[in-house]
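Engineer: Below is the structure I would like to discuss, written out as structure tokens.
The values are calculated or read from the model by the stated rules, or taken from the named source; none is laboratory data. Worth saying up front: this structure is predicted, and the values here are computed from it rather than measured. No Cβ is skipped: glycine too gets one built from the backbone with ideal geometry, and neighbour counts run over all protein chains shown. Quick note on the areas: whole protein, heavy atoms, side chains included, nothing else; ligands and nucleic acids left out. Shrake-Rupley method; radii C 1.70, N 1.55, O 1.52, S 1.80 Å.
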Amino acid sequence: MAGITISGVVRQFGATPVLRGVSLTVEPGEFVALVGPSGCGKTTLMRIIAGIETADAGEIVIGDRPVTRLRPAERDIAMVFQSYALYPHLTVRENIAVPLAMRRLSAPERMPLLGRLLPGARAKRAAIDEEVVRAAAPLGLEALLDRRPGQLSGGQRQRVALARAVVRRPAAFLMDEPLSNLDAALRVQTRREIVDIHRAAGVATLYVTHDQAEALTMADKVAVMMGGELLQVASPEAIYADPADLRVAGFIGSPRINTLAAEADAAGRVTVAGLPAGLRTEARGALTLALRPEALRPAPAGLPAVPEHLEFLGDGLLLHARHAPDGTPLIARLAPEAREGLQPGAALKLGFAPGRALLFGADGRRVASRADAALVPA
């Protein structure tokens, strides 16, 4: 089995740096989601791995084979694009079979009529068709094999593109936002299908997306990219609960994480707007205190806040408020029954367990902290 190793990849467009020495490893059989906002360099990196673009510096290795200077066809990868890239004049069966036909049939054998009469061509085509049917079955495409792309829905076309990638049995899969053209319900269904395909194929998969829900629900590891550099590579759980950078904390999570200006005194006691936060740290001076919405709840002691409005989500409730001292927006995720007693404009306090608070320094990097029972939020 092959993995993907990306070492120190640099790319500039004119004077504008797009990739700033990116290094990333996708282990054999691993599913890694590369996530970040539009324009951060995700697709450029994907195209460099595929050989569609050339890096200014750095190296790409697939398995134990350096492929940096190889043509795309020599890299033994399969790529699924945001656009389905299907041949409109070919049936589903023929579209899926294209990579196998290009590999196994000679140019004369690929001719529509004459090719079928050449010695051995019939047996080759039968073997290809068997593999096409096997690739189509897990994606529910058997009944659609004789249709053309124009007769399919968007979700069906995307599954054909996936089957065409799978049938090649490549050393690695590259997927560039393959679900962005699908509606919300179909995205959820197809997410599961892609994960199942990955597990069945057992090959290294690099999946590019700007959708954090896709990254967190599908991947073994999540790599967060911004401004052409990787900020953190970790499990979905660690990326969410233990972000190493304030930009990662702010990008991952919906609703967005709450951030408040904080201060650490000479003894390392952390305060927010002059009130103790129940934390100690080795850092000193200006800090940022970050709290996930689910970490906040109405309490007798905590952050003074003024509720503005409530959002009912069926299985939960979002309380939108403002931190009373400085007007910073706050969002708390609460149980539906918490609606009783919450009135817009009526002051309340939002408490939190100090152990759930995250601290970041002035440079945006994570700062270690510990709960201090003697410093209860007031």
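Engineer: Take the residues in the stretch 254-263 that are touching a residue at least 40 places away in the same chain (Cβ under 8 Å) and in a strand (DSSP E or B), then tell me which one is nearest to residue 323 (Cα to Cα).
Structural biologist: Filtering the stretch 254-263 for residues that are touching a residue at least 40 places away in the same chain (Cβ under 8 Å) and in a strand (DSSP E or B), the one nearest to residue 323 (Cα to Cα) comes out as 260.
Engineer: Name the residues in the stretch 240-263 that are more than 11 Å from the chain's Cα centre (by Cα) and open to solvent by less than 40 Å² (accessible area, probe 1.4 Å), would you?
Structural biologist: Residues satisfying the conditions are 243, 244, 245, 248, 249, 250, 253, 255, 257, 258, 260, 262.
Engineer: Note down all Cβ pairs under 7 Å where the first residue falls in the stretch 325-350 and is surrounded by fewer than 17 Cβ atoms within 10 Å (Cβ to Cβ), the second is assigned to a loop (DSSP other than H, G, I, E, B) and not acidic (Asp, Glu), and they're at least six residues apart or on different chains.
Structural biologist: Taking only residues 6 or more apart or on different chains, the pairs are 325/273; 326/273; 335/316; 336/316; 347/324.
Engineer: Anything in the stretch 210-229 that is among the acidic types (Asp, Glu) and under 30 Å from residue 15 (Cβ atoms)? List them, or say none.
Structural biologist: Within the stretch 210-229, 229 is the sole residue that qualifies.
Engineer: Pick out, from the stretch 196-253, the helices (runs of 4 or more DSSP H) lying fully within it that include 3 or more residues that are touching a strand residue (DSSP E or B) at 6+ places or on another chain (Cβ under 6 Å) and farther than 17 Å from residue 29 by Cα.
Structural biologist: Filter on the stretch 196-253 gives 246-251.
Residues checked against (1) touching a helix residue (DSSP H, G or I) at 6+ places or on another chain (Cβ under 6 Å); (2) open to solvent by 30 Å² or more (accessible area, probe 1.4 Å); (3) without any contact (Cβ under 8 Å) to a residue 12 or more places away in the chain:
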residue	(1), (2), (3)
152	no, no, no
161	no, no, no
168	yes, yes, no
216	yes, yes, no
220	no, yes, no
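Engineer: Under the condition of being modelled with pLDDT under 95 and in contact with a Pro (Cβ under 6 Å, 6 or more places away or on another chain), which residue from the stretch 287-306 is least open to solvent (accessible area, probe 1.4 Å)?
Structural biologist: 302
Engineer: Give the residue, chosen from 322, 280, 284, that is open to solvent by 40 Å² or more (accessible area, probe 1.4 Å) and closer than 24 Å to residue 252 by Cα.
Structural biologist: One residue alone meets the criteria, 322.
Engineer: Take the stretch 111-126 and flag every residue that is free of Cβ contacts under 8 Å to residues at least 12 places away in the same chain and within 39 Å of the chain's Cα centre (by Cα).
Structural biologist: If the condition is that a residue be free of Cβ contacts under 8 Å to residues at least 12 places away in the same chain and within 39 Å of the chain's Cα centre (by Cα), then 126 is the only one that fits.
Engineer: Return a yes/no flag: does the stretch 165-184 have any residue that is in a helix (DSSP H, G or I) and modelled with pLDDT of 85 or more.
Structural biologist: There is at least one residue in the stretch 165-184 that is in a helix (DSSP H, G or I) and modelled with pLDDT of 85 or more.
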